[in-house]
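The values are calculated or read from the model by the stated rules, or taken from the named source; none is laboratory data. Worth saying up front: this structure is predicted, and the values here are computed from it rather than measured. Glycine gets a Cβ as well: all are built from the backbone with ideal geometry, and neighbour counts include every protein chain shown.
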Amino acid sequence: MLISGASVAGPALAYFLAAAGYDVTVVERARELRDNGYNIDFRGDAFAVLADLGIEDRIRGLDTRMRGTTVLDETGAKVGELPREVFSSDVEVPKRELTRLLHEITADRVRYVFGDSITSIEDGHVEFECMPAADYDLVIGADGVYSNVRRLVFGADGLVHLGLSGAGFSLPNHLGLEHRGLLWRDSGAMVYLCSANDPERLTVGMSFTTDSPELDRRPRAEQEAAVRAAFAGYGWEIPRLLDAMATADDFRFDSTCQVRVDSWSRGRVALVGDAGYCAAPTSGMGTSQALIGARTLARLLASCDDHAIAFAAYERELRPYVAENQEIGRAHAQSLTATPA
Ligand SMILES: Cc1cc2nc3c(=O)[nH]c(=O)nc-3n(C[C@H](O)[C@H](O)[C@H](O)COP(=O)(O)OP(=O)(O)OC[C@H]3O[C@@H](n4cnc5c(N)ncnc54)[C@H](O)[C@@H]3O)c2cc1C
């Protein structure tokens, strides 16, 4: 069994399948475990999956202890307060910590190959950029919203852009925030600032409405230019944030996208997590969905000799949950792109 992607869905699936006796290899394009720089939270049945993985207590211990978010208008004046749950749910941790723990609990029973990527898949015969070609009984794409496996095997990219893109980076905590967030909003532009685990740093997201999702694949200079254009002329902290963006060494740019494909499997290949059914960051459900998807797929594969039956059951079982999450993601994106009341 080959899994592409070593973030959340991939290692979680690897854990459950290795426990069921599968021989699992995980190939990850990055040269080492990634630090995406943002926090992720958990909701609903995801806690049961964390418990099954044996990491629930450790995850709870890593909570960012966020206390809430102050809402500001475009002048920086306070207009409201949001409770912790809105951005941080019951438990929120830096994403790198979840990835690190998932790797730790699987490293002795799963073969990880970093710095490589699949170049072709033909009925279980897989070619790679670096490793020699090999044959696998099953190949699972857990390689995120821009999934390589989805592109290679499913043809259509299935991406639906929700009209929102943005830059993320960090800077010194000159505002002195302590486990708190600030949400600044104007029509078509939004900034979320917080200081969570590291009291010395502010984590910033600067989002704006756009119908150009292809910005994700453009050079950083173009992405920065789009952010500058969206936030031009504003006061408050915006000029300072734009200056900090220019020198940030952890700059990233993301578009708010969902993945909607007709089927999550083809032959011996299936998709799990964002690769198959990303609900968009605005849903707040992506990590929970990746964990629940991984456990569901592993359970069904382990309980059935015929992978085609397991794949069909996986999709039947999970589609309603994914549809709900995608609706949450779509509705929140719509509310964020609307003019504030
Ligand atoms: C800014 C932002 C904030 C978010 N906030 C939240 C939140 O608060 N709560 C929440 O639940 N979710 C949140 N999410 C979403 C969440 O991060 C994802 O839903 C979740 O990480 C999905 O996990 P995954 O394993 O399916 O995919 P990913 O975490 O995207 O992992 C995909 C992995 O595949 C690897 N990969 C990519 N291409 C290849 C290739 N060709 N070959 C091999 N490997 C490859 C990548 O390097 C990566 O390691 C947020 C996302 C973003 C962008």
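Might you check whether a residue that is farther than 15 Å from F169 by Cα, touching a helix residue (DSSP H, G or I) at 6+ places or on another chain (Cβ under 9 Å), at pLDDT 95 or above and not aliphatic (A, V, I, L, M) occurs anywhere in the stretch 217-228?
yes
For the stretch 300-322, give me the residue count where each residue is among the small types (G, A, S) and under 17 Å from the mean Cα position of the chain (by Cα).
To start, the set of residues in the stretch 300-322 that are among the small types (G, A, S) comprises 302-303, 308, 310, 312-313.
Subset that is under 17 Å from the mean Cα position of the chain (by Cα): none.
Here the count works out to 0.
Identify all residues within the stretch 144-179 that are β-branched (V, I, T) and touching a Gly at 6+ places or on another chain (Cβ under 7 Å); write none if there are none. Working first, answer last.
Here is the first cut: in the stretch 144-179, the ones β-branched (V, I, T) are 145, 149, 153, 160.
Listed by number, the list holds a single entry, V149.
Kindly evaluate A107 against the criterion of being surrounded by 20 or more Cβ atoms within 10 Å (Cβ to Cβ) and over 21 Å from M206 (Cα atoms). Steps first, answer last, please.
Details: surrounded by 20 or more Cβ atoms within 10 Å (Cβ to Cβ): no; over 21 Å from M206 (Cα atoms): yes.
The answer is no for A107.
Restricting attention to the stretch 68-77, does a residue exist that is in contact with a Lys or Arg (Cβ under 8 Å, 6 or more places away or on another chain), aliphatic (A, V, I, L, M) and under 25 Å from L300 (Cβ atoms)?
Here is the first cut: in the stretch 68-77, the residues in contact with a Lys or Arg (Cβ under 8 Å, 6 or more places away or on another chain) are 68-74.
Right, trim to aliphatic (A, V, I, L, M) and you get 71-72.
Cutting the leftovers down to under 25 Å from L300 (Cβ atoms) gives us none.
Scanning the stretch 68-77, I find no residue that is in contact with a Lys or Arg (Cβ under 8 Å, 6 or more places away or on another chain), aliphatic (A, V, I, L, M) and under 25 Å from L300 (Cβ atoms), so the answer is no.
Please find, within the stretch 332-341, the residue that is farthest from G273 (Cα to Cα) out of those that are aliphatic (A, V, I, L, M) and in a helix (DSSP H, G or I). Before the answer, list the steps.
Just the residues of the stretch 332-341 that are aliphatic (A, V, I, L, M), to begin with: 333, 336, 338, 341.
Narrowing further to those that are in a helix (DSSP H, G or I): 333, 336.
Details: A333: 20, L336: 24 Å.
Ranking the candidates gives L336 first.
Mind counting the residues in the stretch 76-126 that are more than 30 Å from G233 (Cα to Cα) and part of a helix (DSSP H, G or I)?
The qualifying residues number 14.
So which pairs qualify, if the first residue must be in the stretch 96-112 and more than 17 Å from D198 (Cβ to Cβ), the second must be of a type in the set (S, T, Y) and assigned to a strand (DSSP E or B), the Cβ gap must be under 6 Å, and the two must be at least 6 apart or on different chains?
Note: pairs meeting the criteria are R111/T25.
Give A290, A302, A279 a once-over and let me know the one that is touching a helix residue (DSSP H, G or I) at 6+ places or on another chain (Cβ under 9 Å), of a type in the set (A, V, I, L, M) and more than 8 Å from the ligand (Cβ to nearest atom). Show your work before the answer.
Numbers: A290 fails: more than 8 Å from the ligand (Cβ to nearest atom); A279 fails: more than 8 Å from the ligand (Cβ to nearest atom).
Result of the check over A290, A302, A279: A302.
Need at least 3 residues that are outside the structural domain of L183 (by TED's automatic domain parsing), in contact (Cβ under 8 Å) with a residue 24 or more places away in the chain and surrounded by 19 or more Cβ atoms within 10 Å (Cβ to Cβ) per element, so show me which helices (runs of 4 or more DSSP H) inside the stretch 216-331 make the cut, counting only ones lying wholly within it.
Numbers: elements: 220-230, 238-247, 274-277, 286-302.
Those helices (runs of 4 or more DSSP H) span 274-277, 286-302.
Could you say whether any residue in the stretch 240-253 is hydrophobic (A, V, I, L, M, F, W, C) and either within 11 Å of the ligand (Cβ to nearest atom) or on the phi > 0 side of the Ramachandran plot (or both)? Spell out how you get there, then give the answer.
Keep residues of the stretch 240-253 that are hydrophobic (A, V, I, L, M, F, W, C), which gives 241-242, 244-246, 248, 251, 253.
Among the residues that remain, those that are also either within 11 Å of the ligand (Cβ to nearest atom) or on the phi > 0 side of the Ramachandran plot (or both) are: 253.
Yes, the stretch 240-253 contains a residue that is hydrophobic (A, V, I, L, M, F, W, C) and either within 11 Å of the ligand (Cβ to nearest atom) or on the phi > 0 side of the Ramachandran plot (or both).
Determine which member of the set V149, V153 is touching a Ser or Thr at 6+ places or on another chain (Cβ under 6 Å) and within 16 Å of the ligand (Cβ to nearest atom). Don't jump to the end; show me each part of the working.
Working: V153 fails: touching a Ser or Thr at 6+ places or on another chain (Cβ under 6 Å).
After ruling out the rest, the residue left standing is V149.
Pick out, from the stretch 127-208, the strands (runs of 3 or more DSSP E) lying fully within it that include 3 or more residues that are of a type outside the set (A, V, I, L, M, F, W, C). Walk me through it before giving the result.
Details: elements: 139-141, 159-172, 180-186, 189-195.
Here the list reads 159-172, 180-186.
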